[in-house]
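First comes the structure, then the notes that go with it.
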Amino acid sequence: MWTVPWPAAGSLLSGIGTLLLLWYLREHRGKPGANWFLLALVAQALWCFAYGIGLFVFDPTLRWVFEVLTWIGIVWTGVPFLAFGLEYTGRGSLVRSPWFGLLVLVPALTTGLVVTNPLHELVWSGFRVDPVFGAATVAYEPNAWAFFAIMIGTVFAASGTMLLFDTVVSYGPLYRREALAVGLSTLPPGVALLVWFFGLGPVPQLNLSAVLFLPHVVFDAYAFVGGSMFTYSPSVRRTADQSAVEDLENPFLVVDPDERIVDCNPAAEALFDIAEPAVLGEPLESATGLTIDDGGTTVRTHGDRGDRRELAVSTSPLRDESGRVVGHSVILQDITDQRRREQRLEILNRVLRHNLRNDLTAVRGYVGIVADRTDDDELADMLETARNTVNGVIETSEKARSFERAIETTGHSPPSLSVRDVLESIATDLEAEREGRVEIDVPEDLAVRANEDLFVLAFANLIENGIDHSDAADPRVRVEFDGIGPDRTAVFAVSDDGPGIPDHELAVLERGEETSLEHGSGLGLWIVSWAITALGGELTFETDEDGTTVAVRLPGATDGQSAKAADRSEAVVSDDRSI
């Protein structure tokens, strides 16, 4: 009874599995690394089928032909797999370089030498059929070129495997399982090939590498069929990482722990008049005049148009997975236009604020004197209107100045404020200046961590707005505490009896900018919004027939009790319109 030798059966099954995988992956042609991987599978299929069929052939001449085909499959597997690893991991430029062309010469020359081996015997000598396990295995003595070709092919395959393992380490879970599977798939046939070639096994004439392509095919099927190996290519991420630095408009350099330059982008080359190949390995200070200690400083240089440019220097340590500093990055940002704009605004702000306050104060005084000296009632009314207008402009200027001072005092660790004391102080001052009542319903032990100046500005403007724009005979504003949210957010409610804030005023505030067709009537609501935002809080508005409700939330509550519902989601501050 004729039986199929198990080495032949295993080799043929590996070949069939390789063809099935090749057929499945044909739709991925053109994707990074796919064409090279398909070529590696073609060589692998030739390897498996040639060796498997050859095990049935006992005729020495014909058996020699199948051994030659097996060698062709062997030597042409490594180079395509290396090219696949390079392209798949985003190093495709190396495949298109002349150096890679030299690598292709190795399997090409080996193919020619194997085919013509009887003429020179550079590859092997003493070829003979040496059956084992009922299979037509062969034996021969490998010569110099055989050692060279096998070892180079092994290096090619191992290099491709290492590239995939590098992807596993560098790019995380997105490619981890698939890349690891393909990397591991090369180990069984690779080890078997070396065991056979060096005659290390108990049956040295038996080459089990084709049989051990079975687990190789299983691993590859998991990665490419069950996984998404060609769907998510790390070449995209690697290219993005490279282009993010290369295309960065800001000068960027990387230095090692000894402050020697190891990388720089074109913007840095242009700024410091250096070239990457020549400057790599040079000290940072000698090449650019900078040191790592320059972080947080600025440097000045001439721009393309001959003008002086100012650049901010920022340095950051680069750490490996163990937290050890392995170098530093240096990035420079052109802040010339920003500094010039800040300088112009600072000068304009100072001049306008000084002139506006002083000159308008003088105007107010002269208008008052004229109004006191005139007997014309109509003229006196006009002068009174002018004086009120001037007072409003001065008051607006003072509000802006107060907010500027307050925002400059904002620190990282604000103090704890006694909310009731601060609100009662605000109420006392406003009741003395305006006709209206302010009621405070806040627990004595309530405190929040906040900048006091910003807190006062926000609530003073809201309460003032409720009094000034109320149409009631006796304006009333009530400040009420409504509990603490689960995130320690203090919840307030301030209500009045005014007509409400117009919709167009709220639209401007919610949009965050004014236009020529739609703008707010004053600065008060902007100051409230800016102050609450700077305190880390939130504002919302609600208008009904009883007035306007402004919802306010402030973080950092430190009291331990409240008579109100602690689960209310937002604070309410009611007002009637913008200031």
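The values are calculated or read from the model by the stated rules, or taken from the named source; none is laboratory data. Fair warning: this is a prediction, and the values are worked out from it, not measured in the lab. Reconstructed Cβ throughout: ideal geometry from the backbone, glycine too, with neighbour counts over all protein chains shown. The accessibility values were calculated without ligands, DNA or RNA, using every heavy atom of the protein model including side chains. Shrake-Rupley method; radii C 1.70, N 1.55, O 1.52, S 1.80 Å.
Quick one: check the C-alpha center-to-center distance for the range 418-437 versus the range 5-19, whole angstrom. The range 418-437 and the range 5-19 have Cα centres separated by 92 Å.
When +1 charges are put on Lys and Arg Cβ atoms and -1 charges on Asp and Glu Cβ atoms, the dipole computed for the range 1-153 relative to its Cα centre reaches about 520 debye. Take 473-480, 416-423, 11-18 and order them by the average number of nearby Cβ atoms within 10 Å per residue, most first; the result is 11-18, 416-423, 473-480.
Put 120, 28 in order of accessible area, largest first, 1.4 Å probe: what do you get?
Reading off the accessible areas and sorting them downward yields 120, 28.
Checking every one of the chymotrypsin sites (Phe, Trp or Tyr not before Pro) in the range 132-169 against DSSP loop status and a limit of 16 other Cβ atoms within 10 Å picks out 133. With R₀ set to 41 Å, the beta-carbon distance separating residue 381 from residue 439 gives a calculated FRET efficiency near 0.70. Each part gets one Cα centre, and for the range 93-150 versus the range 37-61 those centres are 14 Å apart.
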